[in-house]
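Asks: Got a structure for you, written out below as structure tokens; questions coming shortly.
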Amino acid sequence: MKKTRILLLSIAVMALLAAGCKNQNSETPAASQQPAAAPQAEAQQAAGKSGTVVETMNAAGYTYVQVDTGSEKIWAAAPEFAVKVGDAVVVPEGMPMENYHSKTLNRDFDLVYFVDGVLVGGATQASAQGGMPAGHPDVRSQASAADIDLSGITKAEGGQTVAEVYAAKADLAGKTVNVRGKVVKFSPQIMGKNWIHLQDGSGAEGTNDLTITTAENAAVGDTVLISGALAVDKDFGYGYQYAVIVEDAKVTVE
């Protein structure tokens, strides 16, 4: 009888232990899911700036929002979407534009981030339709030299032609290039800089037009000598990508 009681007691203990293990295992997925949400939230946070909308307005198919992040106030704009003051939003990384003037609003902004969409309450409230606000010059488009005479342009002493810059871009990356050519397009004060498209008659389509940013002025048709550091595979965001670009160049009109 005593042996039977001991046996029954042993069986009962084993059953309790098995049940305990089963319960512990059943809680493991829930416990493992809990921390998984944190990195996801951090990743979303790292992808942009979060805060509360303190001002908003619509203009020319775009919605502008001023967002208080707690440490700063920033302006962002995206294709028109529904939002109101007090909404929690996340502004993803976008294209910063300094000293931007909105003709529709007749208002100047020190800095505006143009983005594909803004997260409102965790959901993207704007369609990724791309494009810049109405009236903004498209610095991506390659200029045409059809009406500009590119003949007789001599290569800069110790420098490169436009085609040579493209051909040797891997070796020239980060180095100073010197190129002589004619201005075929000039776009002033985009992101606080002047943008020049330069051609010298060398290169085929896609390798015959060099983009330069500078603080200096030039006019379409000017023959100029530019000198500056070459950047390769430059991505400004919002679709503005350049295989080669000369940044903050010195420009001498000849």
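Asks: Which of the residues that make up the range 58-83 are touching a Phe, Trp or Tyr at 6+ places or on another chain (Cβ under 6 Å) and without any contact (Cβ under 8 Å) to a residue 40 or more places away in the chain?
Replies: Within the range 58-83, Gln66, Trp75 meet the criteria.
Asks: Output the residues belonging to the range 158-196 that are small (Gly, Ala, Ser), farther than 14 Å from Tyr242 by Cβ, modelled with pLDDT of 95 or more and in contact with an Asp or Glu (Cβ under 9 Å, 6 or more places away or on another chain).
Replies: The answer is Ala163, Gly181.
Asks: Before we move on, is Asn217 closer than 24 Å to Tyr100 by Cα and surrounded by fewer than 15 Cβ atoms within 10 Å (Cβ to Cβ)?
Replies: Criteria met by Asn217.
Asks: Tell me which of these Gly121 doesn't satisfy, since it passes every other one: (1) under 15 Å from the mean Cα position of the chain (by Cα); (2) open to solvent by less than 80 Å² (accessible area, probe 1.4 Å); (3) modelled with pLDDT under 85.
Replies: (1)
Asks: Suppose we keep only residues that are touching a residue at least 60 places away in the same chain (Cβ under 8 Å) and surrounded by fewer than 16 Cβ atoms within 10 Å (Cβ to Cβ) within the range 149-194. Which one would you say is nearest to Asn217 (Cα to Cα)?
Replies: Gln189
Asks: Do you know which residues across the range 201-225 are touching a helix residue (DSSP H, G or I) at 6+ places or on another chain (Cβ under 8 Å) and charged (D, E, K, R)?
Replies: The one that is touching a helix residue (DSSP H, G or I) at 6+ places or on another chain (Cβ under 8 Å) and charged (D, E, K, R): Asp209.
Asks: OK, next. Please find, within the range 69-104, the residue that is farthest from Thr52 (Cα to Cα) out of those that are open to solvent by 50 Å² or more (accessible area, probe 1.4 Å) and of a type in the set (A, V, I, L, M).
Replies: Of everything passing the filter in the range 69-104, Ala82 is farthest from Thr52 (Cα to Cα).
The values are calculated or read from the model by the stated rules, or taken from the named source; none is laboratory data. This one's a predicted model, so the numbers in the text were calculated from it and none came from an experiment. FYI the Cβ positions are ideal-geometry reconstructions off the backbone, even for glycines, and counts take in every protein chain you see. Accessible surface areas use protein heavy atoms only, side chains included; no ligands, DNA or RNA. Shrake-Rupley method; radii C 1.70, N 1.55, O 1.52, S 1.80 Å.
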